[in-house]
Every structure is written in structure tokens, then in C-alpha cells.
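Reading through the C-alpha cells given below for one structure.
The values are calculated or read from the model by the stated rules, or taken from the named source; none is laboratory data. All of these numbers come straight from a predicted model, not from anything done at the bench. Using ideal geometry, Cβ is built from the backbone for each residue, glycine included, and neighbour counts are taken over all protein chains shown.
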Amino acid sequence: MIEIQNLNFTYPDGRKALDGIHLRIQAGERVGLIGPNGAGKSTFLYHLNGVLSGEGEIIINNLVLDKRNIPAIRAMVGLVFQNPDDQLFSSSVYEDVAYGPLYKGLSKNEVNEHVSHALELVGMSEYIHRNSYHLSVGEKKRIAIATVLSMNPEILVLDEPTAGLDPRGRREIIGLLLNLPQTLIVATHDLDLVEKLLNRVLIISSGQIVVDGEAKTILKNKDLLEKHGLF
Ligand SMILES: Nc1ncnc2c1ncn2[C@@H]1O[C@H](COP(=O)(O)OP(=O)(O)O)[C@@H](O)[C@H]1O
Ligand SMILES: [Mg+2]
């Protein structure tokens with residue numbers, strides 16, 4: 001479903017953030033991207049729907065990710081930013097969640113159906129007329145996920161979905177993600193989330209994937225986790 005060949009990316013200031021990433025992900029996998037701050041997790045995720053574009057090749061559902069295919073790829077890959085304020089910009093929850101479906105040109109009725117369904121999936125139906133700006137961080141995170149789910153993506157990419165949340169907020173996010181059918185790619189430091197939600201883990205260090213294995217096995221390897229600043 002996702003195939004990445006020799007992906008490299010250097011920021012304009014000369015900082016090399018991705019250094020030769022090779023990766024294949026099958027439909028239905030739930031993959032964690034873990035590694036210390038600055039390892040390149042966010043930079044990598046931003047490549048999956050063309051927010052950033054480095055050297056190398058990314059193929060998603062047989063489509064090469066290039067300028068021409070970006071709209072088609074964005075319809076398949078939903079990216080949820082770490083900071084929900086980067087995702088929510090309308091004056092109401094309804095408008096934020098309706099933005100994608102409206103942009104796609106769906107009818108008013110279809111848009112409303114997509115919005116209701118997405119809000120149901122994140123347990124936020126009763127917030128439809130609230131102002132996103134006034135919500136708690138946990139609520140904003142759930143609305144940010146809904147803005148992407150309203151587009152029915154096949155692949156959901158989340159950058160640190162539980163960072164900065166209290167225990168209940170974390171449980172709610174993990175619970176709602178567990179109920180989704182999408183292929184998941186999640187950057188996180190939250191080993192509890194890894195254990196409950198993910199099947200496969202990639203450890204990323206200095207822009208390279210240094211470990212790729214079964215989540216259960218990697219979680220048991222405390223030395224490995226400690227070596228990468230995760231324990
Ligand atoms: N806009 C930017 N300009 C220059 N360097 C950046 C920028 N964003 C991130 N970096 C650098 O790229 C590396 C990877 O960052 P990032 O992908 O944010 O890591 P992570 O998400 O794993 O914490 C870090 O060294 C970081 O300082
Ligand atoms: Mg990051």
C-alpha cells in the first residue's frame with residue numbers, strides 16, 4: 001500500500017532530517033514511529049501527503065507521490081498534526097470538519113452526513129456547534145482527527161496524538177483509534193499507546209529507521225528502548 005525508496009530530506013538551513021528511508025507498509029497495518037525528539041518523525045510524516053517533499057520515491061496505492069498526484073494522495077492519506085491549532089481554523093466545529101468534504105464538492109446533505117459520521121467516530125457529536133477555539137486540548141485533538149476522518153481516508157497519519165493530554169484524554173484518543181479500520185501510522189513517545197494500539201514499530205534515529213519489528217517484541221526490549229531514549 002505504501003512503498004518508500006531511499007527518501008532523503010534536508011531543511012533549507014542544511015539540517016539533514018531524513019537519511020535514506022526505505023519502507024513498505026501493507027493495508028491494515030498499525031505502525032508506530034518512535035524515537036527521541038529531533039529524530040525526524042514529524043519530517044517523515046509530512047512527506048506522506050506531500051506537505052514536505054524530499055528526494056527519493058513514495059508510492060501510495062500504486063500512485064507516485066509527485067505534484068500532479070498530490071490531490072489524489074491527500075484524499076487517501078489523512079494527516080493529523082501534533083498541534084490541533086495547526087488544523088483548526090474555522091469559527092465552529094462544524095465548519096472545521098466540513099471543510100474537506102466541501103472542498104471536494106460534495107452536496108450539502110452529503111457534507112452533513114460526513115460531518116455527523118466523523119464527529120460520531122471521535123465521540124464529539126454534541127460539539128458540532130461549538131467554537132473549536134474554546135475547546136480543551138483533548139477535545140481539539142479529537143476534532144482535529146474528525147476533520148481528517150470526514151474525508152474517509154484509507155490511511156491515517158497521526159503526529160503524537162496523545163502528547164500533552166491527561167490520562168483520561170489519552171485513553172479517549174487510544175480508544176477511538178482502536179475502533180477505526182484505517183491503516184495507521186503514528187509518531188509517538190507513548191509506550192502505552194504502542195502496546196494497546198499498534199502491531200509494528202519503527203525506531204527512528206537521526207533520520208534513519210534503525211529498528212523495524214513487532215510492537216510486542218520491541219516493547220519487551222528495555223535495553224533497546226533505553227538506548228533510543230524511550231524508557
Ligand atoms: N523547519 C525546520 N528547519 C530546520 N530544521 C528543522 C525544521 N524542523 C525540524 N528540523 C530539524 O530536523 C530534525 C528532525 O525534526 P523532527 O522531524 O521535528 O523530529 P521529531 O518529530 O522526531 O521530534 C531535527 O534536527 C530538527 O531540529
Ligand atoms: Mg515531531
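Observations on the structure shown:
- One residue stands out in segment 23-72 among those that are assigned to a helix (DSSP H, G or I) and either touching a Lys or Arg at 6+ places or on another chain (Cβ under 7 Å) or among the small types (G, A, S) (or both): the one that is surrounded by the most Cβ atoms within 10 Å (Cβ to Cβ), namely S42.
- Scanning segment 175-198 for residues that are outside any helix (DSSP H, G or I), away from ligand 2 (no atom under 14 Å from the Cβ) and either more than 23 Å from Q5 (Cβ to Cβ) or free of Cβ contacts under 8 Å to residues at least 60 places away in the same chain (or both) yields N179, L180, P181, Q182, L198.
- Condition check for V211: more than 16 Å from ligand 2 (Cβ to nearest atom) and outside any helix (DSSP H, G or I): yes
- Among the residues listed as N37, N49, the single one being modelled with pLDDT under 95, within 13 Å of ligand 1 (Cβ to nearest atom) and within 17 Å of the chain's Cα centre (by Cα): N37
- Failed item in (1) under 13 Å from the mean Cα position of the chain (by Cα); (2) part of a loop (DSSP other than H, G, I, E, B), with A144 passing the rest: (2)
- Subset of segment 99-124 [farther than 24 Å from L48 by Cβ and assigned to a helix (DSSP H, G or I)]: K108, N109, E110, V111, N112, E113, V115, S116, L119, E120
- Near pairs, Cβ below 6 angstrom, 6+ apart or cross-chain, from segment 67-83 (touching a residue at least 60 places away in the same chain (Cβ under 8 Å) and closer than 20 Å to I143 by Cβ) to any residue that is part of a helix (DSSP H, G or I) and within 16 Å of ligand 2 (Cβ to nearest atom): V80/A144
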